[in-house]
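Following: one structure in structure tokens, then a few remarks.
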Amino acid sequence: MEAWIKSQGLWHIVSGSQKRPELKPPSARNDNPPSDSTTTSDTAAAQTELCEAKTLELQDVWDAKSDKAAGWIWLMLDQDQKTLVDGCKDNVCAMWTTLESTYHQKKAGSRFNGYDNLFSIRKSDDKSLQSLINRADKSMKLCQSLRPKDFDLKALDKELTSMVLICALPDKYSHFVSSLLAHGQARQGHGSASVP
């Protein structure tokens, strides 16, 4: 879905990096003020009117792109997925954020599964080295996309330690493991695995 939105030139709006234009009054500073105060106020009024018209034009273009992106996202969703974004159909950024938080969870378990997939990649006899490189790159990009913004090596070290301890538990602890992973991000603290 992201690739399609990008191919349509709508990603900056969906991701929130391109905000809706806002009306900004023209600068009060004027290097060469006319001598007549009536001319000054007429010039300022004309500048304000021109600025408002340009802003309205830019807002119309932005709104059209936003509506187009929201429409594409809505059309690409299955019926049961539409209920997730039904309350925010008019805000394409909120639609995307809702879908991303639902389907692309940035939790310790997801990251660990991503690393597990990365480290389990093997070259098949019938596949080329380039195919192996492409699979490794794709898997690494998935791992990177599962990291929160403030994720660093210290957090990775703690998380990997916790996940290794959790995975090392025997089968009789499977309910405990499921409970830990279901309740959020596992972390290692004071020598033992814990969850927030």
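Taken together, the values in this text are just the output of simple stated rules run on the coordinates, not laboratory data. Note that the structure is predicted; figures quoted are calculated from it, not measured. Note that we place each Cβ from the backbone using ideal geometry, even for glycine, and neighbour counts take in every protein chain shown.
The largest-to-smallest principal axis extents of the Cα set in region 108-194 are 44, 33, 20 Å. Short-range pairs are left out: with C-alpha atoms under 8 Å and at least six residues apart, the relative contact order of the chain is 17 percent.
When you filter the chymotrypsin sites (Phe, Trp or Tyr not before Pro) in region 111-143 for DSSP loop state and at most 16 other Cβ atoms inside 10 Å of their Cβ, nothing is left.
For trypsin sites (Lys or Arg not before Pro), the sites in region 68-110 that DSSP calls loop and that have at most 15 other Cβ atoms within 10 Å are Lys89, Lys106. Within a straight-line Cα-Cα reach of under 20 Å, Lys123 can be paired with the following lysines, leaving aside sequence neighbours fewer than 8 residues apart in one chain: Lys138, Lys141. Distance distribution note for the chain: the fraction of Cα pairs above 27 angstrom is 58%.
Calculated mean residue ellipticity at 222 nm for the chain: -20000 deg cm²/dmol, from DSSP H runs with n ≥ 4 weighted as -39500 (n - 2.57), summed, divided by the residue count and rounded to 500.
For Lys89, the lysines whose Cα comes closer than 21 Å to its Cα, not counting residues fewer than 8 places off in the same chain, are Lys6, Lys19, Lys65, Lys68. Extension gain for the segment Arg20 to Asp171, taken as residue separation times 0.36 nm less the Cα-Cα distance, is 49.0 nm to one decimal.
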